[in-house]
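K.L.:
Supplied in structure tokens, the structure appears directly below.
The values are calculated or read from the model by the stated rules, or taken from the named source; none is laboratory data. Keep in mind that this is a model prediction, so the values were computed, not measured. So basically every Cβ, Gly included, is an ideal-geometry build from the backbone, and we count neighbours across all protein chains shown. Only protein heavy atoms, including side chains, enter the accessible area calculation; ligands, DNA and RNA are left aside. Shrake-Rupley method; radii C 1.70, N 1.55, O 1.52, S 1.80 Å.
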Amino acid sequence: MTQLTSSRSRTQALHSRHGLLPRLQTWAALRRQRRLLAELDADRLADIGLTRTEALSEARRPFWDEG
């Protein structure tokens, strides 16, 4: 019974709001968004109010840096 409870706890932790799976999904999204940001042309960057330097600075941040 202890092993079942322990296994269930790990599964719940993986899928909980603060668990591993949501964090991995967030990191994947940040990585994808930053990669796309680096690929925007000057007109698109101007549309969102960023310079090429600002966009590249943001794009170079590591995926785990959510701040």
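K.L.:
With the requirement that a residue be open to solvent by 60 Å² or more (accessible area, probe 1.4 Å) and not in a helix (DSSP H, G or I), what does segment 14-48 give you?
P.N.:
Within segment 14-48, Arg17, His18, Asp41, Ile48 qualify.
K.L.:
Scan segment 52-66 residue by residue and report those that are open to solvent by 70 Å² or more (accessible area, probe 1.4 Å), without any contact (Cβ under 8 Å) to a residue 40 or more places away in the chain and assigned to a loop (DSSP other than H, G, I, E, B).
P.N.:
Those that are open to solvent by 70 Å² or more (accessible area, probe 1.4 Å), without any contact (Cβ under 8 Å) to a residue 40 or more places away in the chain and assigned to a loop (DSSP other than H, G, I, E, B): Arg60, Phe63, Trp64.
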